[in-house]
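> Just dropping this structure here.
Nothing in this text is a laboratory measurement; each read-out follows from the coordinates by a stated rule. Bear in mind the structure is a predicted one, so any value in this text is a computation, not a measurement. Neighbour counts are summed over all protein chains in view; Cβ atoms, including those assigned to glycine, are modelled from backbone coordinates with ideal geometry.
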Amino acid sequence: MAQHEAISVFDMFKIGVGPSSSHTLGPWRAAQRFIQSLNDKELLQQVKELRVLLYGSLAKTGVGHGTDIAVQLGLCGEDPVSFDVNNIDARISDIRTMKKLILSGKHEIDFDPAEDIEFLMSESLPFHPNALSFLVTLQNENSFAETFYSVGGGFVIKEGEAEVASSGVSLPFPINTSAELLHWCMKTGMNISDVVLENENTWRSEKETKEGVLNIWRVMKECIYKGCHTEGILPGGLQVKRRGAGLNKRLMKGKVYNNYDSWLQQIKIGGDNFNYILDWVSCFALAVNEENASFGRVVTAPTNGAAGVIPAVLQYYIAFCGGDTEEKIIQFLLTASEVGSIFKKGATISAAMGGCQAEIGVSSSMAAAALTECMGGTQKQALMAAEIAMEHHLGMTCDPIAGLVQVPCIERNTMGAIKAITASQLAMQSLPDYAKVSLDSVIKTMWETALDMNYKYKETADGGLAVNVPLSLSEC
């Protein structure tokens, strides 16, 4: 780990396509980087043949996560931020039928996905379980190859390069641990979000940062709204029925609205009954992760598998706690991003490395800190909330049935959101100076737990629910 690794809010929150940040978005980015390497070396037009090798966790759950689909789209030069998700099936069908791939949209080669993408189930590379290699043969019969590792949250490392996000940057408030974050908060008197914003000014203007963060929220809320109004069965073969739309309809009780803003107003006037609010938080989280499971557009928060927790808690804050202002939304997401970056530096945000504690646990911790700061909690209370949320996710395994980000993943987002709200409430009613466990100690414990966890429970679909629930009975 680099000294004071610099990670931006836009490293933690990335716009992309579901269902997995490490198994879909990461391989897509890796394919784009490989194409860029070919372009940089002026080899693209010389490519005669291409093979893709998927190792370890990418091989075992790659089909369910759409890894092969993401790689093909990346090799074609498409971008996950802007590619129309409604065209995914048609594009992949064309490649499969024609057995042709147009690299970077410029150079056509023969390519049969069934033959040229290999799932090496029994092979794993030592650096990280999520590894993939691209091998090309050139017209002159020379070869060229590169290997990449998808290390969680859409972060990608090429073999041989250091793991430093947004490198070459010297931040005014360098932070690797929560103790360092608290040091800067105490020294300056600033909130967590203020410290983050000052660091972001190193990369771009404050105006650009705020506009970018609001764009992140735009994608999140569009995902919530779409998920709350889309019925049907999730793809992949488990026959899991989408529940977000049905729950939304029952909670709305026939109220009339025609867009997100009028929908939000109807939610607000529905009351503050505990069950009503609890149902809405679950609905928000279900909606996002059903979109994620359907190859929809989502935001890594910090991963795709945990993409519903932070939007659900933020939507709760907006709808029920008076947080419906741009400044509060920015404050929430900046605070959340910093907590996520500390987890990435001190442990992992990859389920293939740490189980589901690294995804749902981290997202719940991020949301808890953000909600606490926005509700007026102190910096210590925000970090205490983050600690409480993770402490009660320690050891959570990742055991997706059939390798799909559906069961138990979708429901886990609802639980992570509720735990975040509970953690925030506890912290707001507590004196952090008397807390027995610090955020840094729980991050250290999470990493040690990850190292001790059996590989079967690290996104391989080799253990847990993935092997104990008959596929015919596994509808969520």
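> Please work out the ratio of the alpha-carbon Rg of region 1-158 to 2.2 N^0.38 Å and round it to two decimals.
The reported ratio for this selection is 1.01.
> Still on this structure, I have one more. Toward the positive end of the charge dipole of region 20-158, about the Cα centre and with charges on Cβ (Lys, Arg +1; Asp, Glu -1), which of Ile117, Thr61, Thr137 goes farthest?
Thr61
> Can you work out the Karplus-derived ³J(HN,Hα) for every residue in region 70-83? Use 6.51 cos²θ - 1.76 cosθ + 1.60 with θ = phi - 60°, whole Hz, and x for glycine or proline.
4, 4, 4, 5, x, 5, 6, x, 7, 10, x, 6, 10, 5
> Moving to a separate point now. Residue separation times 0.36 nm, minus the C-alpha to C-alpha distance between Ser82 and Glu327: what's the value?
Stretched out fully, the Ser82 to Glu327 stretch lengthens by 85.6 nm.
> Ok, one more. Please compute the Cα-Cα pair-distance distribution of the chain with 10 Å bins starting at 0, giving whole percents from short to long.
Distribution as computed: 4, 21, 31, 26, 13, 3, 0, 0 percent.
> Still on this structure: Placing unit charges on C-beta atoms (Lys and Arg positive, Asp and Glu negative, everything else neutral), compute the dipole magnitude of region 295-384 about its Cα centre in debye, rounded to 20.
Taking the Cα centre of region 295-384 as origin, the dipole is about 240 debye.
> Arrange the following residues from fewest to most other Cβ atoms within 10 Å of their Cβ: Cys76, Cys283.
Cys76, Cys283
> Here's something else I'd like to know. At q = 0.12, 0.18, 0.23 Å⁻¹, work out log10 I(q)/I(0) for region 154-241 with the Debye formula, treating every Cα as an identical point scatterer and leaving solvent out; two decimals please.
These q points yield log10 I(q)/I(0) values of -0.66, -0.96, -1.17.
> Here's another thing I want to ask about it. Could you work out Rg/(2.2 N^0.38 Å) for region 272-360, with Rg from alpha carbons only?
Cα Rg divided by the expected 2.2 N^0.38 Å: 1.15.
> Given the C-alpha centroids of region 29-98 and region 231-246, what is the distance between them in whole angstrom?
Using only Cα atoms to place each centre, the spacing works out to 27 Å.
> For region 20-158, what relative contact order do you get, as a whole percent, if you take Cα pairs closer than 8 Å and at least 6 residues apart?
Computed value for region 20-158: 39 percent relative contact order.
> Can you sort Thr422, Thr348 so the residue with the fewest Cβ neighbours within 10 Å comes first?
The order, fewest Cβ neighbours first, is Thr422, Thr348.
> Give, as a single signed number, the net charge of other residues whose beta carbon lies under 13 Å from the beta carbon of Glu387, with Lys and Arg counted +1 and Asp and Glu -1.
Every neighbour counted, the sum reads +2.
> Let me ask you something else. For region 380-392, in order, what is each residue's ³J(HN,Hα) by Karplus, 6.51 cos²θ - 1.76 cosθ + 1.60 with θ = phi - 60°, in whole Hz (x at glycine and Pro)?
Taking θ as phi minus 60°, the curve returns 5, 5, 4, 6, 5, 4, 4, 5, 4, 4, 6, 3, 9 Hz for region 380-392.
> Considering the dipole of the chain built from charges on the beta carbon (Lys and Arg +1, Asp and Glu -1) around the Cα centre, which of Gly323, Ile310, Phe274 is farthest to its positive end?
Farthest towards the positive pole: Phe274.
> Turning to a different aspect of this structure: Any chance you could give the angle, 0 to 90 degrees and rounded to 10, that helix 178-188 forms with the longest Cα principal axis of the chain?
That works out to roughly 50 degrees.
> I've got another one for you. Can you list the HN-Hα couplings for region 210-215, worked out from phi with the Karplus curve (6.51, -1.76, 1.60; θ = phi - 60°), rounded to whole Hz and with x for Gly and Pro?
My calculation for region 210-215 gives 5, 5, x, 5, 5, 5 Hz in order.
> Only Lys, Arg, Asp and Glu count, each charged at its Cβ (+1, +1, -1, -1), so figure out the dipole size of region 88-240 about its Cα centre, rounded to 20 debye.
620
> Same structure, new question: Rank these for me by crowding, Asp279, Asp194, going from fewest to most other beta carbons within 10 Å.
With the fewest neighbours first, Asp279, Asp194 line up as Asp279, Asp194.
> With 30 Å as the limit, write out which pairs from Lys187/Lys268; Lys106/Lys241; Lys241/Lys268; Lys328/Lys380; Lys60/Lys241 have Cα-Cα distances beyond it, or answer none.
Those over the limit are Lys187/Lys268; Lys106/Lys241.
> Distance from the Cα centre of region 405-476 to that of region 282-320, in angstrom?
Distance between centres, Cα-based: 16 Å.
> Helix 274-293 against the longest principal axis of the chain: what's the angle in degrees, Cα atoms only, rounded to the nearest 10?
10
> Report the charge-dipole magnitude of the chain in Debye, nearest 20, computed about the Cα centre from +1 at each Lys and Arg Cβ and -1 at each Asp and Glu Cβ.
Taking the Cα centre of the chain as origin, the dipole is about 1100 debye.
> Sequence-distant or interchain residues sharing an amide H contact under 5 Å with Phe111, placed H: which?
For Phe111, the qualifying residues are Lys100, Leu101.
> Relative contact order for region 367-456: what percent, with Cα pairs under 8 Å and sequence separation of 6 or more?
Result for region 367-456 is 40 percent.
> So, one more: Per residue of the chain, what 222 nm ellipticity follows from adding -39500 (n - 2.57) for every DSSP H run with n ≥ 4, rounded to the nearest 500?
Calculated at 222 nm, the ellipticity per residue is -15000 deg cm²/dmol.
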